[in-house]
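*Asks:* This is the structure I have questions about; it appears just below.
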Amino acid sequence: MPADDVVLSIIIANYNARDLLAGCLESIYRHPPTPAFEVLVVDDASSDGSAEMVRGQFPQVHLLRNERNLNYGASNNRALGLARGRFVYLLNNDTVVLAQALDAMIAFLDECPAAGAVGSKLLNGDGTIQASVKRLPSAASALFGARSIAARLFPNNPFTRKELLHLGRDMTRPFTAGLVSGASVMIRREVIRQVGLLDDRFFYHIDADYCRRIWDAGFKVYYLPSASVIHLGHQGGSMVNLRRRVRSVVEFHRGSYIYFRKHDMRSPWHPVHFLAAGALSARFVASLLLQLAKEAAAVVGRAAGALRRGRSEASRVGHRVS
């Protein structure tokens with residue numbers, strides 16, 4: 001297909017999520033966009049047969065395979081350098097694209113020249129709406145954002161409603177957003193040329209950083225509720241074991257600090273810098289302890305379940321013997 005004919009380039013970075021990736025690709029070809037499109041999958045040195053699955057089941061996909069694990073940002077950047085479409089769609093591998101979603105996002109970008117990027121509505125597996133459209137990160141985000149204790153205990157408090165923009169909004173019309181989730185975001189190619197590639201220092205906050213850069217370049221970021229994508233949320237290879245789940249806590253707080261230094265820090269000697277570093281450090285320790293407590297509780301729960309099953313089996317054997 002000539003490069004000029006490609007309207008949409010869909011980019012999916014993948015690591016050890018073969019079955020999720022297969023479902024994602026199947027949903028794209030079940031609900032494809034009307035204009036010409038291409039799909040680029042970057043397999044980040046998976047060991048679960050993901051690349052072989054793509055070759056065997058989706059030969060029309062342009063498959064790129066990293067020889068070593070480069071992580072999300074670098075994998076997407078590799079595909080961004082090859083994408084040919086007027087629009088580029090970054091999509092997580094743990095998603096399911098629903099009918100008309102891609103056409104709706106393309107049409108919105110065509111009709112709204114001020115928009116540099118647009119994010120879809122993300123749904124949980126049960127159909128509830130995810131908190132995927134937010135203000136840009138600030139100190140208030142740590143206190144009242146989606147991951148905060150306040151948001152979990154009092155989800156409708158007025159401060160959280162200012163952070164999570166889907167709360168209390170008209171969900172039938174598009175609206176501007178500080179940031180939209182990188183799990184499903186469509187970007188103009190000319191914006192990518194102007195803003196540059198993803199900052200691959202980030203794992204978390206890579207979408208916040210890129211949306212901030214789009215705003216700084218003079219474009220707007222929008223959220224489009226009429227385009228829906230199911231996001232199965234951290235069921236891929238990046239969260240499959242204890243080491244990676246603990247690492248996710250580290251990366252979240254590391255990314256928060258990098259974002260602060262990149263966009264909001266005036267001077268390394270400014271008092272706000274020390275305040276932010278101290279607050280992030282305290283939050284990191286609390287989050288790490290909480291994660292370790294969850295892991296310990298899960299181990300105890302599995303052990304107790306195994307013990308109950310063992311006793312039940314022994315009881316059944318005893319009844320049969322008697």
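All of the numbers you see were taken from the coordinates with simple rules; none came from a lab. All values derive from a computational prediction rather than experimental measurement. A quick note on method: Cβ atoms are made from the backbone with ideal geometry, for glycine too, and the neighbour counts reach across all protein chains shown.
*Asks:* Could you give the nm distance between label points at R161 and L242, where each point is 7 Å from its Cα heading toward the beta carbon?
*Replies:* So the label points at R161 and L242 sit 4.3 nm apart.
*Asks:* Please give me the summed charge of the neighbours of A114: other residues whose Cβ is under 14 Å from its Cβ, Lys and Arg +1, Asp and Glu -1.
*Replies:* Result for the neighbourhood of A114: -1.
*Asks:* For K294, go through the aspartates and glutamates and keep the ones whose alpha-carbon is under 19 Å away, minus same-chain ones fewer than eight residues off.
*Replies:* Cα-Cα hits under 19 Å: E251.
*Asks:* To make sure I understand, if each residue's beta carbon is the centre and we count other beta carbons within 10 Å, what order do K262, K134 fall in, fewest to most?
*Replies:* So the residues, fewest neighbours to most, are K262, K134.
*Asks:* Same structure again: Calculated FRET efficiency, R68 and A99, Cβ-Cβ r, R0 30 Å, to nearest 0.05?
*Replies:* With a Förster radius of 30 Å, E is 0.20.
*Asks:* Could you give the length gained by full extension between A114 and E190, i.e. 0.36 nm per residue of separation minus their alpha carbon distance, to one decimal place?
*Replies:* Contour length minus the Cα-Cα distance gives 26.2 nm.
*Asks:* Compute the FRET efficiency between R302 and N124 as 1/(1 + (r/R0)^6), taking r as their Cβ-Cβ distance and R0 = 25 Å, and round to the nearest 0.05.
*Replies:* 0.50
*Asks:* Could you name the lysines whose alpha carbon sits less than 22 Å from that of K121, not counting residues in the same chain fewer than 8 places away?
*Replies:* Correct list for K121: K134, K162, K220.
*Asks:* Within a 10 angstrom radius of the beta carbon, how do V299, V42 rank from fewest other beta carbons to most?
*Replies:* In increasing order of surrounding Cβ atoms, one gets V299, V42.
*Asks:* Give, as a single signed number, the net charge of other residues whose beta carbon lies under 15 Å from the beta carbon of A22, with Lys and Arg counted +1 and Asp and Glu -1.
*Replies:* That works out to -3.
*Asks:* On to the next question. Find how much the distance from S138 to D264 grows on full extension, using 0.36 nm per residue of separation minus their present alpha carbon separation; answer in nm with one decimal.
*Replies:* Full extension from S138 to D264 adds 44.5 nm.
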